[in-house]
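See structure below.
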Amino acid sequence: MFFTNNLENKVFNSHQYISCDELIIISGYVGPNPIQRLSTLPFNTTVIYGMYGSESISGRLHNTLLTLHNPPHVNILYSNIPVHSKCYIWRNNGEVVYALIGSANFSTNSLTIPFRESLAETTNDTFADLNNYYDQIVANTVSCDSGIFTTTNEVTCSMVLTHPTTGEVPAGSGLNWGHSPRGNNNPGDSYIPIRTSHIRNYPSLFPPKQTHPISNLGLGRSNRQNDSIEIIWDDGTLMDAALEGSQPVDGRQYPKNLCSFPYKSVLGAYIRQRIGLPSNALVTRTDLLRYGRDNIHLSLLQDGTYYGDFSV
């Protein structure tokens, strides 16, 4: 079978329908949130970060993976040779019993956006070859905690939380979106605005919106997808998020807001907790100045994985 939707559910629930004692994931790139979720599975797992061999790794992503590395239950390896494959292999007593291959990396960005990536079941006659392929790859890996690694440089954007004209935190948008009298927002809902200057100055951080055809769903139009991302915060917090909304910049559509996902109040509660406010409180410029900063530094660690610095 061929899958283009609910890939995350497929990866994390396929073991319920087969007899297995191990999951092996070979992925060009990896995200911390799916790896963190592996700890909930009832068997040992191995994740191989394939493109380390040619692109190294962000220092901040590497440090986060070290905190998630817990062999044998969650074993994280770096490939010394470039591997762009995406293979999900379930084994029992060392033998492959089920496998998915395709284009989906083991990251929130790849596993949650419908139609962006795909995975397909392999047939039984490929199981022996898959086992041999895994043996060849794993023979050229090192454990993520085995030494000093080459790290990449990061591009960082300063995202000011106050309005650029008034210098105040807007009363019904941004961090205070949940206080808007309009719409169906919940108390505590928040977002970080993505301004046109951010997009023009840091094009690699904020990709243009992707348009996916959904005429096969009977809607007869196209849908601009919100990009799912992961944020690693400076205090170690991992957060699922999304680049939402749409705004035109130089003839293309780009995201307008950065929100937590699936609940927009998660970001609001997190920022308020950092600055010492109740989860639904109105945030003011005075609150931010008392905390010690009015901006968040956002860095791109790899496609779909960001680092947020709100430290003082």
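Each reported figure results from applying straightforward, stated rules to the coordinates on display, with no laboratory input. A quick note: this is a predicted structure, and the numbers were derived from the prediction, not measured. When we count neighbours, we look across all protein chains shown, and the Cβ atoms used for this are built from the backbone with ideal geometry, even at glycine.
Below is a table of values for the structure above.
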read-out: Qualifying lysines (Cα of each under 18 Å from Cα of LYS256; at least 8 residues distant if same chain); value: LYS209, LYS264
read-out: Alpha-carbon radius of gyration plus Dmax, which is the widest Cα pair, for segment 2-152 in Å; value: 14.4, 41
read-out: Quotient of C-alpha Rg and 2.2 N^0.38 Å, computed over the chain; value: 1.07
read-out: Rg/Rh for segment 57-104, where both radii come from Cα atoms and Rh is the Kirkwood radius; value: 1.03
read-out: Long-range HN-HN contacts of ILE229 with modeled amide H, under 5 Å; value: ALA241, ALA242, LEU243
read-out: Cut-off 14 Å between beta-carbons: net charge of the residues surrounding TYR291, Lys and Arg +1, Asp and Glu -1; value: 0
read-out: ³J(HN,Hα) computed for each position of segment 242-247 - Karplus, 6.51 cos²θ - 1.76 cosθ + 1.60, integer Hz, glycine/proline x; value: 8, 8, 10, x, 8, 8
read-out: Acute angle (nearest 10 degrees) that the helix 59-68 long axis makes with the longest principal axis of the chain, alpha-carbon atoms; value: 60
read-out: FRET efficiency for THR166 and THR237, using Cβ-Cβ distance with R0 set to 35 Å, rounded to 0.05; value: 0.75
read-out: GNM flexibility winner over the chain from ARG37, ARG252, ARG60 (Cα, springs under 10 Å); value: ARG252
read-out: Whole-Å semi-axes of the ellipsoid equivalent to segment 156-309 (Cα gyration tensor, √5λ, descending); value: 26, 18, 16
